[in-house]
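Accompanying notes for the structure given below.
The values are calculated or read from the model by the stated rules, or taken from the named source; none is laboratory data. Note that the structure is predicted; figures quoted are calculated from it, not measured. Note that we place each Cβ from the backbone using ideal geometry, even for glycine, and neighbour counts take in every protein chain shown. Protein only, heavy atoms only, side chains kept; ligands, DNA and RNA dropped before computing areas. Shrake-Rupley method; radii C 1.70, N 1.55, O 1.52, S 1.80 Å.
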Amino acid sequence: MSPARNEKDIPVTSDWGAHLTPRLAQFAAVARHEHLTRAAAELGVPQSTLSRGIARLESDLGVALFARRGRALALTPAGRTFLASAERALAAVEQAAESVRADADPSKGKVAFGFLHTLGWETVPGLIRAFRADHPGVRFALVQNYGEAMLERLRAGDLDLCLTSPVPDAPDLVARRLDEQRLRLVVPEDHPLASRRRIRLAEAADEHFVTLEKGYGMRRILETLCAQAGFTPRVAFEGEEAETIRGLVAAGLGVALLPPPAVPRPGVRELAVSAPRAVREIGLAWAAGRPDTPPVAAFRDFLLSRRGRLLSG
């Protein structure tokens, strides 16, 4: 089978992969059978269609991949070289297809799940344990991050679902409020306010605050609540993780507004805030219009079923 070497038939595009990939399976089948009729039968296509496809492939490459031996075909040296790479490419495509099929398997698929750092100690492990009681084979890719970063990964398709705060309001996302956490004013154990059990946030107007960096949901909540209490917080230190913030408070470097800890932290006292109402809402978000695989849909429905008791175990 001789290739037509007319230069106008050779693709000018540099995207050879996209141009040649549809013909690789045809080429590999012919090479495997060394016979057009048998290869066409395996692929379920007319022999004439297969013959034209191989001729076009040779024309595009500008080399002969097969030599005729009567009714049979034999690979040329160039054909043998091309076959080795074609088989690797087809194997990679098959592996990728198998991977996405496995991820979508209802019984053992994968869920890419993001959540806030403060939910990672007890809440998320407990949720996954409860879900896997009925779905023991489902796998999880877990991502801990702050809210805005998780929403960007959600939009990019890196995450299927995320638990975040505040609950986002964006046209490209679907979000549902699931629960809320009461926030506490955290002070050093030797602080003048440490003997109190409750406090109005306005009483901390003169304090230095240790808080999370801008972009974190808790930072926005702090600034909003302080504004409601009539002051702007004086920020002394910023961090990226709630327990680090507690450590800075224990060291006497300021006070903080935080959700309750998973376990009591020595060196601090945690005061209930009586006014304004200091809570953060926890919501579940996912990308609008993106089809869910069965395991993602099952986990989403499970989380939605925990509305009002997400944080209570």
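Points to keep in mind about this one:
- Between helix 294-305 and the chain there is an angle of about 20 degrees, using the helix long axis and the longest principal axis of the Cα atoms.
- The stretch 110-199: chymotrypsin sites (Phe, Trp or Tyr not before Pro) in DSSP coil with no more than 16 other Cβ atoms inside 10 Å: W121
- Selection from A251, L116, V138 lying farthest towards where the dipole of the chain points positive, charges on Cβ: V138
- Max mean-square fluctuation residue, GNM over the chain, Cα-Cα springs under 10 Å, options L183, L65, L159: L65
- At full extension, Q95 and A288 could sit 66.6 nm farther apart than now, given 0.36 nm per residue minus the alpha carbon distance.
- If R0 is taken as 41 Å, the Cβ-Cβ distance between A194 and A149 corresponds to a FRET efficiency of 0.75.
- Spin-label model, E238/R80: points 7 Å from Cα along the beta carbon direction are separated by 6.4 nm.
- Solvent-accessible surface (1.4 angstrom probe) belonging to D169, in square angstrom, nearest 10: 150 Å²
- Filtered trypsin sites (Lys or Arg not before Pro), the stretch 203-270: DSSP coil and at most 16 other beta carbons within 10 Å: K214
- Bridge type composition, the stretch 180-313 - antiparallel percent by DSSP, nearest 5: 55 percent
- For the chain, averaging the sequence separation of C-alpha pairs within contact (under 8 Å, six or more residues apart) and dividing by the residue count gives a relative contact order of 20 percent.
- Compared with the dominant principal axis of the Cα atoms in the chain, helix 77-103 is inclined by about 40°.
- A 1.4 Å probe over all protein chains sorts I221, I245 by accessible area into I221, I245, starting with the largest.
- Largest to smallest accessible area among S59, S51 [probe 1.4 Å]: S51, S59
- Helical runs (DSSP H, four residues minimum) scored at -39500 (n - 2.57) apiece and divided by the length of the chain put the mean residue ellipticity at 222 nm at -12500 deg cm²/dmol.
- Residue of L225, L142, L57 that the Gaussian network model of the chain assigns the largest fluctuation, springs spanning Cα pairs under 10 Å: L57
- By accessible area, using a 1.4 Å probe on protein heavy atoms only, the stretch 226-313 has 53% of its surface on carbon and sulfur.
- Most mobile listed residue (G254, G289, G109) in the chain, GNM with C-alpha springs under 10 Å: G289
- Looking at the chain alone, DSSP beta bridges between its own residues are antiparallel in about 55 percent of cases.
- About the centre of its Cα atoms, the chain shows a dipole size close to 760 debye [charges on the beta carbon of Lys, Arg (+1) and Asp, Glu (-1) only; nearest 20 debye].
- For Cα extents along the principal axes in Å, the value computed from the atomic coordinates appears in the list [x] 104, 42, 34; [y] 56, 52, 40; [z] 99, 43, 34 under label [z].
- Relative contact order for the stretch 58-139, counting Cα pairs under 8 Å that sit 6 or more residues apart, in percent: 20 percent
- Cα long-axis angle, helix 47-61 against the chain (0 to 90 degrees, to the nearest 10): 70 degrees
- Taking label positions 7 Å along the Cα-Cβ direction at both Q228 and S48, the computed distance is 7.6 nm, reported to one decimal.
- Taking every protein chain into account, the accessible area of the chain amounts to 52 square angstrom per residue (probe 1.4 Å).
- Solvent accessible area, Å² - E240, 1.4 Å probe, full protein context: 110 Å²
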